[in-house]
1. Restricting the stretch 181-206 to residues that are among the hydrophobic types (A, V, I, L, M, F, W, C) and under 21 Å from Gly137 (Cα atoms), which is surrounded by the fewest Cβ atoms within 10 Å (Cβ to Cβ)?
2. If you scan the stretch 116-170, which residues turn out to be crowded, with 18+ Cβ neighbours inside 10 Å, among the β-branched types (Val, Ile, Thr) and not in a strand (DSSP E or B)?
3. Tally up the residues in the stretch 171-189 that are among the small types (Gly, Ala, Ser) and either outside any loop (DSSP other than H, G, I, E, B) or outside the structural domain of Ser218 (by TED's automatic domain parsing) (or both), please.
4. Within the stretch 70-81, is there a residue that is assigned to a helix (DSSP H, G or I), under 32 Å from the mean Cα position of the chain (by Cα), modelled with pLDDT of 85 or more and closer than 30 Å to Val131 by Cβ?
5. Considering only residues that are at pLDDT below 80 and of a type outside the set (Val, Ile, Thr), which ones fall in the stretch 1-16?
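The values are calculated or read from the model by the stated rules, or taken from the named source; none is laboratory data. Computed from a predicted structure; not experimentally measured. Counting neighbours? That spans all protein chains shown, and the Cβs are built from the backbone with ideal geometry, glycine included.
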Amino acid sequence: MAQEAIPRTVGTAIQRLERELLEKERTIEEWKRRWEEKNQEVESYTRELVALKDLYKERARELRLVMEKLEEVSITDDLTQIFNHRYLMSRLHYEFERAKRYRVSLSFIMLDIDHFKVYNDNNGHLAGDEVLREVAGLIQGAIRETDIVGRYGGEEFAIILLHADLTQMAEVAERIRRTIEEAAFPNERSQPMGKITVSMGGCCLSPGMEIAEDLIRSADEALYRAKNNGRNQVTIEGKLSEEGTYFRI
């Protein structure tokens, strides 16, 4: 009887171990299943995250473009598509202070289209607008990329020449004047001078100038003399010494 009980005990133990092993296998399979589900979830989350990142980048790019466009619109003259008066003055004040601080040359030119009112009266404001756009484009084509041109108001334009002394500024101003004089404009023969022309006044940062308005005032006075002296000319004024020596064209 004792000998018969031993195999039964062993058999029972083996069956118990087999059940435990089967249970362990089931548990492992369940863990594997859950692990695979978690992996799938992680992969799904990863794909969603990548998609969200791509969407964010695209939206950020679109937002940057919108902001750049808004900034461009805020500083651009609607008619001529060059800088507007507000930006021009802001930039002049900045460049004036920078030039004084680092002791570098800075020139400023004011330009007025001669007898523009006559052209408007004879040809209409739409034709006058076309002249303004054309003149703005001609000015842009005659200056360096680093220089700044803007519409000062009405038929007046202004140009900031960076690192330009009196001689360089005079050369640029005369090039602009000649370019506009040689350009062809519709119905310009009816103008008092027979052509669309411009008068220009310019100056250079000089000792004694404390604020940017001093530069504007000096250029404006030079422009006034250019118009009074017959128009279609450049008058440049820049103080070269404390005694008040001036260089004029």
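1. Ala184
2. Listed by number, the residues that qualify are Val131, Val135, Ile139, Ile143.
3. Going through the stretch 171-189, the residues among the small types (Gly, Ala, Ser) turn out to be 173, 183-184.
From what is left, the residues that are either outside any loop (DSSP other than H, G, I, E, B) or outside the structural domain of Ser218 (by TED's automatic domain parsing) (or both) are 173.
The number of residues fulfilling the criteria is 1.
4. Scanning the stretch 70-81, I find at least one residue that is assigned to a helix (DSSP H, G or I), under 32 Å from the mean Cα position of the chain (by Cα), modelled with pLDDT of 85 or more and closer than 30 Å to Val131 by Cβ, so the answer is yes.
5. Met1, Ala2, Gln3, Glu4, Ala5, Pro7, Arg8, Gly11, Ala13 - these are the residues of the stretch 1-16 that are at pLDDT below 80 and of a type outside the set (Val, Ile, Thr).
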